Amino acid sequence: MDIKITTLSGGDAGQVSLSDEIFGLDPREDILQRVVRWQLAKKHQGTHKAKGRSEIARTGAKMYKQKGTGRARHHSARAPQFRGGGKAHGPVVRSHEHDLPKKVRALGLKHALSAKAKSSSLIVVDELALSEAKTKALMQSLSSLGLSNALMIGGAEVDAGFKRAAANIPNIDVLPIQGINVYDILRRGTLVLSKAAVEALEERFK
C-alpha cells in the first residue's frame, strides 16, 4: 500500500510503501475490544474500599439479652443490617489486571493501524518538528492538514519543542513510537505517523 508523505505545512514530501501485514488487515472488532479492555483494566487504580464488620469502630457487645424481650435475636451492632454497621461484601483494594497473550496484543495493534488506514484516517508526515516551537504555529500547521482530533506518533525521541507546542492543544496527543497503543489510536479521529515511526513499526513486526 502506497501513501503520500506530507510536511506539517501540507506540502508534498514523496511517497512511502506501507506493509499490508501491518496496515492492510481486515480489522476485527473482537480483537480490538479485548486489547482495549485489557489496557483499561490495567489503568484501574483499584483503591475503592468499604469497611467490613470487623473494621468498624463500634462495640461488639451483645445489644440486649437473648430471651424475654420479644425482639429478634441480635448480637453485635457492627452487623451489616444496622445503620453504622459494616458493609457486607463491599469493595476491597485489589488489582483489576488480567492477562492477555503477547500475540493478541501485537495483533490488536496491527488491526488498529489497519482500521485507521482503511478509513482513510492515516497521515504520514516527514517529521514532527517545528522551526518555531510555538503553539500558534503548530495550530496553523494542523489547520492546514485539517486536523482537530489526532494522535501524533514520532520516532524514538519526540522533538521537545514540538511536544511543548502541542501540550496546550485540546484533542491532540503526541507520543514516541514506544508509547503507541490501541486505546489511544482508537480514541482519536486521525492517526499521524512520522516517517521514522513507520520505519520503526515495520522493523518491530518484521
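The values are calculated or read from the model by the stated rules, or taken from the named source; none is laboratory data. Computed from a prediction, not measured in an experiment: that's the story for all the values here. Here the Cβ positions follow ideal geometry from the backbone for every residue, glycine too, while neighbour counts run over all protein chains shown. The area values use the complete protein model at the heavy-atom level, side chains included, leaving out ligands, DNA and RNA. Shrake-Rupley method; radii C 1.70, N 1.55, O 1.52, S 1.80 Å.
Kindly provide log₁₀ I(q)/I(0) values, in the same order as q = 0.17, 0.20, 0.23, 0.26 Å⁻¹, from the Debye equation applied to equal alpha-carbon scatterers of segment 138-184.
The Debye formula, applied to the Cα set alone, gives -0.48, -0.66, -0.86, -1.05.
Hey, got the Cα dimensions of segment 1-110 along the principal axes, in Å, largest first?
Projected onto the principal axes, the Cα atoms of segment 1-110 cover 93, 31, 20 Å.
Can you give the Rg and Dmax of segment 102-206 based on its C-alpha atoms, in angstrom?
13.3, 42
Would you work out the charge dipole size for segment 58-206 about its Cα centre, treating the Cβ of every Lys and Arg as +1 and the Cβ of every Asp and Glu as -1, and quote it to the nearest 20 debye? Walk me through the numbers on the way to the answer.
Values: 25 positive and 12 negative charges, 426 e Å.
The calculated dipole for segment 58-206 is roughly 2040 debye.
As I understand it, the value is the acute angle between the Cα axis of helix 29-43 and the longest principal axis of the Cα atoms of the chain; what does it come to in degrees, rounded to 10?
60
For the residue pair Ala156 and Ser19, what label-to-label distance in nm results when each label sits 7 Å from Cα along the Cα-to-beta-carbon direction?
Roughly 1.8 nm, to one decimal.
How large is the charge dipole for segment 115-164, taken about the Cα centre, if only the Cβ atoms of Lys, Arg (+1) and Asp, Glu (-1) carry charge, to the nearest 20 debye? Before the final figure, lay out the partial values.
Working: 6 positive and 5 negative charges, 54 e Å.
That gives a dipole near 260 debye.
Top mean-square fluctuation among Gly179, Gly68, Gly52, Gaussian network model of the chain, C-alpha springs under 10 Å?
Gly68
What does the charge count near Lys103 come to, summing +1 for each Lys or Arg and -1 for each Asp or Glu among other residues with Cβ under 12 Å from its Cβ? Don't skip to the answer; put the middle values down first.
On the way: positive: Arg34, Lys102, Arg105, Lys110; negative: none.
Its environment carries a net charge of +4.
Which option, (i) 0.97; (ii) 1.01; (iii) 1.30, is the value of Rg/Rh (Cα atoms, Kirkwood Rh) that was calculated from these coordinates?
Read-out from the structure maps to (iii).
Calculate how steeply helix 195-204 sits against the longest principal axis of the alpha-carbon atoms of the chain, using the helix alpha-carbon long axis, and give the answer as 0 to 90 degrees to the nearest 10.
For helix 195-204, the angle is close to 60 degrees.
Taking only protein heavy atoms and a 1.4 Å probe, what accessible area per residue, in Å², does segment 1-107 have with all protein chains in place? Don't skip to the answer; put the middle values down first.
Numbers: 7880 Å² over 107 residues.
So segment 1-107 comes to 74 Å² accessible per residue, rounded to a whole number.
Taking all protein chains in place and a 1.4 Å probe, what share, in percent, of the accessible surface of segment 75-206 do carbon and sulfur account for? Could you put the intermediate results ahead of the total?
Details: 3450 of 7210 Å².
Using a 1.4 Å probe with all protein chains present, segment 75-206 comes out at 48 percent carbon and sulfur.
Top mean-square fluctuation among Arg164, Arg94, Arg105, Gaussian network model of the chain, C-alpha springs under 10 Å?
Comparing Arg164, Arg94, Arg105 in the GNM, the peak value goes to Arg94.
Could you identify which residue out of Ala150, Ala112, Ala61 has the top mean-square fluctuation in a GNM of the chain using Cα springs shorter than 10 Å?
Ala61
By what distance, in whole Å, do the Cα atoms of segment 46-112 stretch along each of the three principal axes, largest value first?
Principal-axis extents of the Cα atoms in segment 46-112, largest first: 73, 22, 15 Å.
Going by Cα centres, segment 67-142 and segment 143-159 are how many Å apart?
A separation of 24 Å, based on Cα centres.
Helix 135-145 versus the longest principal axis of the chain: what is the Cα-based angle in degrees, 0 to 90, to the nearest 10?
70
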